[in-house]
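Q: Can you read through this structure? Questions will come right after.
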Amino acid sequence: MRKADSLRRWLTAFLPELATHADRLQIYIEGGQIMTRKSATLSFVYGYTLKALFTDFAGDSDRLMVPVLAWIEKEQPSLLMSSDSQPFSFEAELLDGDLSDVELSIDLTETVLVIPRADGSGYDVTHPEEPNYDQFAGVTASFLQGFGNVELLVQTDDPDAVLNPTVPPAA
């Protein structure tokens with residue numbers, strides 16, 4: 001399941017403290033299932049709840065939520081189109097000072113295409129990219145930098161982010 005690793009890489013790029021304290025982010029899968037129907041292929045869909053636990057998280061929660069929403073827009077855009085307008089849930093435990101433990105729960109799916117080879121020698125397995133729904137047509141916001149009003153909330157130098165730079169809104 002590639003999305004768990006994708007989320008770890010994404011958050012590490014946007015939250016520099018995770019690069020130096022990788023142990024503060026624990027990612028695990030809960031309630032996994034395989035969804036499929038009898039067909040000409042063995043293709044299937046993973047369905048699971050991804051849990052991401054941030055321990056000793058310091059600062060504004062927006063620094064966490066903005067990159068997670070950007071990741072969802074890229075990796076599971078259908079969550080931004082759901083009728084309940086709730087792409088994920090979270091729980092937080094407030095600790096001493098400005099520290100907290102925050103756990104996110106994101107219901108994800110991953111399609112796996114399993115196509116038999118013409119020569120009968122096995123199968124080719126691929127994980128297609130998520131469809132681009134253009135949820136925010138006409139909006140040119142980027143998550144290379146994310147702003148809350150005019151305060152810079154998140155930023156990354158990750159070359160894999162492949163996102164457009166943004167300009168903070170006028171105060």
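The values are calculated or read from the model by the stated rules, or taken from the named source; none is laboratory data. On a predicted model such as this, the values are computed, not experimentally measured, just so you know. So basically every Cβ, Gly included, is an ideal-geometry build from the backbone, and we count neighbours across all protein chains shown. Note: areas computed on protein heavy atoms with side chains; ligands, DNA, RNA excluded. Shrake-Rupley method; radii C 1.70, N 1.55, O 1.52, S 1.80 Å.
Q: Does the range 41-48 contain at least one residue that is under 15 Å from the mean Cα position of the chain (by Cα) and either surrounded by 16 or more Cβ atoms within 10 Å (Cβ to Cβ) or at positive phi (or both)?
A: yes
Q: Kindly indicate whether Glu17 is surrounded by 15 or more Cβ atoms within 10 Å (Cβ to Cβ), over 22 Å from Asp98 (Cα atoms) and out of contact with any strand residue (DSSP E or B) (no Cβ under 7 Å at 6 or more places or on another chain).
A: No: the conditions fail for Glu17.
Q: Do we have Arg2 as under 20 Å from Pro128 (Cα atoms), in contact (Cβ under 8 Å) with a residue 60 or more places away in the chain, out of contact with any Leu (no Cβ under 8 Å at 6 or more places or on another chain) and open to solvent by 80 Å² or more (accessible area, probe 1.4 Å) here?
A: no
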